[in-house]
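The values are calculated or read from the model by the stated rules, or taken from the named source; none is laboratory data. Bear in mind the structure is a predicted one, so any value in this text is a computation, not a measurement. As a convention, Cβ positions derive from the backbone with ideal geometry for all residues, glycine included, and neighbour counts pool all protein chains shown. The protein model used for the area step is the full one, side chains on, heavy atoms only, and it has no ligands, DNA or RNA in it. Shrake-Rupley method; radii C 1.70, N 1.55, O 1.52, S 1.80 Å.
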Amino acid sequence: MLRRKCPALDTFIIFLLLANCAALSVGILFVDVLCLHNHVGEISVTEFTQEALLLACAALWLRSALKTPALRGGCILIAGFYAALLIRELDYYFDAIYHGAWLWFALITTAAALWFARRWRHSVLPGLNAFTRHPASGYTLCGLVTILIFSRLFGMRAFWQTLLGDNYVMAVKTAIEEGTELMGYTLCLFSSVWFCPGLKTKTRALLLNRPAPLQEPLQATENLAYCASANPIRDSLN
């Protein structure tokens, strides 16, 4: 995605990409509020976009798991995490079964991810370490903090009721919370798109001690070097 020749230019490119992500997130919110007048409810462009972003994240990590046996266990866990978040976002549709039914589907998905990760347990830590040491992981952390912490606290009804008093409108609180979540999901997808493509080529070259045509900082995957001593992993790539 990026080259090492000019770190300042790389940083500027990342800034432009993130600025466009932020503008797109607000633009989607504007479509719901100014054009569709749907109060950013469960049936809205914002909600559909959130679900599409989570689906894309889960698909990217699942593809990485299938393409990269040396990191498969870790990639499966991350894919399962995004799949569980997607099920949570789809709670409106699962409520057609009964209220809270999404939880059981999320638990089943989590159990399946853990079971498959256990089958490739030798690759769980290499996969997780490869990602956490990659610069893209920082954007995932920012996205998850935004989604799981900031949006929940900032969107608390008691806060907005106290702030707005008699002028409190539920749609205002919902728009702010959902818009914040959308930006968090966008950061997660940005991180996944940066890390996942080309992962198999980089891993194979590193494990076989060959130079790889990296388009990202080399240190992003240096932590995989210790995998070279593990014969089962190396054999799985041949």
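Just wondering, is there one or more residues in the stretch 160-170 that are of a type outside the set (A, V, I, L, M, F, W, C) and in contact (Cβ under 8 Å) with a residue 12 or more places away in the chain?
Keep residues of the stretch 160-170 that are of a type outside the set (A, V, I, L, M, F, W, C), which gives 161-162, 165-168.
Imposing the further condition that a residue be in contact (Cβ under 8 Å) with a residue 12 or more places away in the chain reduces the set to none.
No, the conditions are met nowhere in the stretch 160-170.
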Exercise for the section: Inspect all residues belonging to the stretch 33-55 and state whether any of them is at pLDDT 95 or above, touching a Ser or Thr at 6+ places or on another chain (Cβ under 7 Å) and crowded, with 21+ Cβ neighbours inside 10 Å. Expected result: yes
Handout entry: Where Ala59 falls short, out of the listed (1) touching a Cys at 6+ places or on another chain (Cβ under 8 Å); (2) surrounded by fewer than 16 Cβ atoms within 10 Å (Cβ to Cβ)
Key = (1)
Practice task
May I ask you to list pairs of residues, at least six apart or on different chains, whose Cβ atoms are under 7 Å apart, with the first in the stretch 122-141 being under 13 Å from Trp61 (Cα atoms) and the second being surrounded by 20 or more Cβ atoms within 10 Å (Cβ to Cβ) and charged (D, E, K, R)?
Solution key: Gly127/Arg72
Practice task
Answer yes if at least one residue in the stretch 164-174 is out of contact with any Phe, Trp or Tyr (no Cβ under 9 Å at 6 or more places or on another chain), more than 24 Å from Ser44 (Cα to Cα) and surrounded by 12 or more Cβ atoms within 10 Å (Cβ to Cβ), and no otherwise.
Solution key: yes
Problem - Selection status of Ala65, more than 16 Å from Glu177 (Cα to Cα) and part of a helix (DSSP H, G or I) - result: yes
Problem - Members of the stretch 1-59 found to be part of a loop (DSSP other than H, G, I, E, B) and of a type in the set (Ser, Thr, Tyr), listed by number - result: Ser44
Completion exercise
Residue pairs qualifying under the 9 Å Cβ cut-off, at least six apart or on distinct chains, with the first in the stretch 43-67 being of a type in the set (Phe, Trp, Tyr) and the second being open to solvent by 30 Å² or more (accessible area, probe 1.4 Å), are Trp61/Leu77; Trp61/Phe81
Fill in the blank from the handout: For the stretch 4-32, the count of residues that are open to solvent by 40 Å² or more (accessible area, probe 1.4 Å) and free of Cβ contacts under 8 Å to residues at least 60 places away in the same chain equals 15
